[in-house]
Amino acid sequence: MDVNIDKYLRQDKMPHIWCPGCGHGTVLGSFVRAFDQSGLDQEKTVVISGIGCSGRASGYLNFDTLHVTHGRALTFATGVKMANPELNVIVMTGDGDGAAIGGNHLIHSSRRNIDITVVLFNNNIYGMTGGQFSPMTPTGDTATTSPYGNIDQNFDLCELAKSSGATFVGRGASYQPRKMIKLIKEGLLHKGFAFIETLTQCPVNYGKRNMIGGARDMLKWQDEHLVPDKKYEKMDPEEREGLISTGVLYQVSKEEYTDKYQQVINNVMAGESNE
Amino acid sequence: MSKAKTLLLQGDEAVVEGGMAAGADFFAGYPITPASEIAEGFAEQLPANGGKFIQMEDEIAGMGCIVGASLAGAKAITATSGPGFSLKQENLGFAIMVEAPCVVVNVQRVGPSTGLPTSPSQGDIMQAKWGTHGDHPIIALSPSSVSETFDLTVTAFNLAEKYRIPVILLLDEIVGHMREKITIPPADELEIVNRKKPKPEDKDNFYPYEETEDLIPPMPDYGTGFKYHSTGLFHDKTGFPRGKTEDAKKLMDRLMGKINNNLDDIIHLEDDLNGDEDVVVLAYGSTVRSAISAVNQVREEGIKAGWVKLKTIWPFADDYVRKLAEKVDRIIVPELNMGQLIGEVERVAAGKAEVTGINRYDGTLITPADVVAEIKGAL
Amino acid sequence: MSRYEVRLSGAGGQGMILAGIILAESALDNDELNVVQTQSYGPESRGGASRAEVVFSKEAIDYPKVIQADLLVALTTEAFEKYGDDIKEGAVVIADSDFIDADYKPAAKVDYYSIPIINTATEEIGLKLTANMVALGAASHFIPDLSEDEILKTIAARVPAGTEEKNKEAFKAGRRLVSEMKS
């Protein structure tokens, strides 16, 4: 794939601050390629991110970009999209930013089915702040705030988004960048709330501490545990144990929030009731 | 051409009328007593005028949402009360940092915590100034009547747009819920200010946070090709953090400077002084009404008293109060709290006049009789 | 007219606040008359003590609330006990005779009307919800500078569609209860 991704990146902001071996650059690289393939207008696109390693993504991207408070990217994104539905609105968030402090906004943005594409960088840890456990850190794992093993349960964000009303749900992984490009492109082109979880490795603050190893070992771990959605569907529950499905997990067509509100405006302005 | 119309409105409803008159086209918020009437009013009026209303999942989301809308080009407003105002503080600081114009209404009720949800208070005066962390500029206005609520809502939008700053409109439950006659002026009689925008040809050489002469950089709408970055981190003129401490000082000085250089434009107050006062009652919000009533009463008895009504609470009217303190013996500050703004009066008076407070914090009002008693006690 | 202070009190849900709003709004077209309406109620919409206050004056109204009522209406014992003594010398007091002792003698010398407000709404109008309009009709008798027509016009504009006639009827019944006692 030979595309000029330079125009989507702020070259003067390179090199990025992500650690050697971090998977975030792979997600970002996949995103810009997906954006290029989507045919969307760069000048009509806003990228919003929160706090954490994922939060830095917006600064590297050559769009209107907004780096907001911890966990709240979706609230700002909702304001941007509502105020001007012609804009393509993309949120970049992490497992701490999007699933812990911002979890409620994820639920309610999904419920509204507002046309925002979320790329959630899931590295199973609070990386930037030095390795505290997140809602996506598996039970039993070690983090700086779970030195005796994490007693919290982690959960399935894709299931959460789906059951909350998201109309596009997918999961990609840094081990499979080509698949991730395709997935993000489909998410960008989906009309409605698109939630994409991307599995990305944090060797420094998660992998090494939990005996998985460095970046190479973590990608190998992904290879051993990822199963395409179609195949996963056909597996027995026992076979699925410990495996993770990837691809477009769910997609339906449903009326989008800003379209519905425009209908309200049209009706009210025409002097009709909402019924 | 529209005509003036006379209505019986609540203060909360006057916020909606004032907002619509000022050109508000976006509201995001969360229901809370005693501010819900503001959300309800905008929910009805905005779509009827092509604007947008959204009820968010919580107070924090409401604040984030209006900042996003503002950056996309909207004139945005949210409304809340104490508990919600507490929740909004972090994103309020963000709005200050990225210089997103917006209006935040706080219809004050008695706190802390759930407090007395349906009773009036002026307990959030200091929170309006210092609620979000770190040093920062802020503008806060407080009306004392339904008409003034309309006027100050228009002023709030104008100041927000002009200075690229969130403006807090501090009502109290009395002003928010009381009904009075109000004559809404025709639209063409109102002065409406809109944010300064960069020219399209400036795109290639654009610095979103440039230190312009007036310290207020022009602000493009999202989607107009400027492709710029904003962050809550301290940043330089490009909008990006460089991690250099001198950038922090430079930005902070500019953010403060754009307000402090324009105090005459931002500070609004009224007074009724004859110049020979022994005692002056300095009040704001609904408490002003008792102050005026009391001063009128004691003047009939020959007491040399006057009143000052602060409409702008923050920035505080330092110069005015300093000069006042040089002329009068005593300044009385009635407040529906344990004494908040009185600290500012004492600071500025610096011992030149005696400063005393009248304080109620049980959800009831300070009556004219309370103020009369204090005036007489002060003589 | 200098200040004329009205306090309408009852339980939450009895519509006393709506009665206060209608009373205040009836002064809208009277350019001579200023008006301020306030209310006090608990955090919930039903039960508890509830009161609406309306202050009229031909001068500017500074203090927005009732200081000492010129006119008090009470629909419940609780409201009566709470506000019964906080009235001017010679004030008009209107109380529901089914709930408040007709022999009640307030501290101040008052013009006391014990009338069956809720009962009139239930029995005569056939709609308990119109008790607030019966009360308003009774009160309207005493309010200076405000005509019956102005109030009736506001009632028609403010009450739910379809209930205008019932509410106007209730208002007139309340007004009649007082005029019968006065004659």
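Okay, here's what the table says:
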{"quantity": "Filter result for the condition that a residue is away from every other protein chain (no Cβ under 13 Å) and either outside any strand (DSSP E or B) or modelled with pLDDT of 95 or more (or both), over A:106, A:120", "calculated": "A:120"}
{"quantity": "Odd one out for residue A:232, checked against (1) touching a Lys or Arg at 6+ places or on another chain (Cβ under 7 Å); (2) assigned to a strand (DSSP E or B); (3) surrounded by fewer than 20 Cβ atoms within 10 Å (Cβ to Cβ)", "calculated": "(2)"}
{"quantity": "Test result for residue B:172, open to solvent by less than 10 Å² (accessible area, probe 1.4 Å), within 14 Å of another protein chain (Cβ to nearest Cβ) and charged (D, E, K, R)", "calculated": "yes"}
{"quantity": "Residues that are in contact (Cβ under 8 Å) with a residue 40 or more places away in the chain and open to solvent by 20 Å² or more (accessible area, probe 1.4 Å), drawn from region B:319-337", "calculated": "B:319, B:320, B:327, B:329, B:330"}
{"quantity": "Region A:77-97 - residue that is free of Cβ contacts under 8 Å to residues at least 12 places away in the same chain and of a type in the set (Gly, Ala, Ser) and, of those, surrounded by the most Cβ atoms within 10 Å (Cβ to Cβ)", "calculated": "A:79"}
{"quantity": "Top-ranked residue of region A:1-21 - restricted to ones that are closer than 25 Å to residue A:76 by Cβ and in contact with a helix residue (DSSP H, G or I) (Cβ under 8 Å, 6 or more places away or on another chain), ranked as farthest from the other protein chains (Cβ to nearest Cβ)", "calculated": "A:18"}
{"quantity": "Where residue A:89 falls short, out of the listed (1) under 16 Å from the mean Cα position of the chain (by Cα); (2) closer than 30 Å to residue A:145 by Cβ; (3) outside any helix (DSSP H, G or I)", "calculated": "(2)"}
{"quantity": "The listed residue being closer than 24 Å to residue B:176 by Cα and either charged (D, E, K, R) or surrounded by fewer than 20 Cβ atoms within 10 Å (Cβ to Cβ) (or both), out of C:32, C:89, C:59, C:81", "calculated": "C:59"}
{"quantity": "Qualifying residue in region A:150-164 (condition: in contact (Cβ under 8 Å) with a residue 24 or more places away in the chain and over 18 Å from residue A:100 (Cα atoms))", "calculated": "no"}
{"quantity": "Odd one out for residue B:166, checked against (1) outside the structural domain of residue B:137 (by TED's automatic domain parsing); (2) within 27 Å of the chain's Cα centre (by Cα)", "calculated": "(1)"}
{"quantity": "Answer from C:139, C:157, C:135 - the residue that is open to solvent by 40 Å² or more (accessible area, probe 1.4 Å) and not hydroxyl-bearing (Ser, Thr, Tyr)", "calculated": "C:157"}
{"quantity": "Listing of helices (runs of 4 or more DSSP H) fully contained in region C:79-183 that carry 1 or more residues being over 22 Å from residue B:8 (Cα atoms) and in contact with a strand residue (DSSP E or B) (Cβ under 6 Å, 6 or more places away or on another chain)", "calculated": "C:131-140, C:164-182"}
{"quantity": "Options C:59, C:53; residue that is in a loop (DSSP other than H, G, I, E, B) and touching a residue at least 12 places away in the same chain (Cβ under 8 Å)", "calculated": "C:59"}
{"quantity": "Whichever residue in region A:60-76 is touching a strand residue (DSSP E or B) at 6+ places or on another chain (Cβ under 7 Å) and open to solvent by 10 Å² or more (accessible area, probe 1.4 Å) and, among such residues, is farthest from residue A:261 (Cα to Cα)", "calculated": "A:60"}
{"quantity": "All positions within region B:108-132 that are away from chain C (no Cβ under 14 Å) and of a type in the set (A, V, I, L, M, F, W, C)", "calculated": "B:125, B:126, B:128, B:130"}
{"quantity": "Strands (runs of 3 or more DSSP E) enclosed by region B:1-102 - at least 3 residues per element that are within 14 Å of chain A (Cβ to nearest Cβ) and either in contact with a Cys (Cβ under 8 Å, 6 or more places away or on another chain) or surrounded by fewer than 24 Cβ atoms within 10 Å (Cβ to Cβ) (or both)", "calculated": "B:52-55, B:76-80"}
{"quantity": "Qualifying residue in region A:45-52 (condition: open to solvent by 10 Å² or more (accessible area, probe 1.4 Å) and either at the interface with chain B (Cβ under 9 Å from one of its Cβ atoms) or without any contact (Cβ under 8 Å) to a residue 24 or more places away in the chain (or both))", "calculated": "yes"}
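The values are calculated or read from the model by the stated rules, or taken from the named source; none is laboratory data. Just so you know, these numbers come straight off a predicted model, no measurement behind them. Here Cβ is always computed from backbone atoms with ideal geometry, including for glycine, and neighbour counts include all displayed protein chains. Quick note on the areas: whole protein, heavy atoms, side chains included, nothing else; ligands and nucleic acids left out. Shrake-Rupley method; radii C 1.70, N 1.55, O 1.52, S 1.80 Å.
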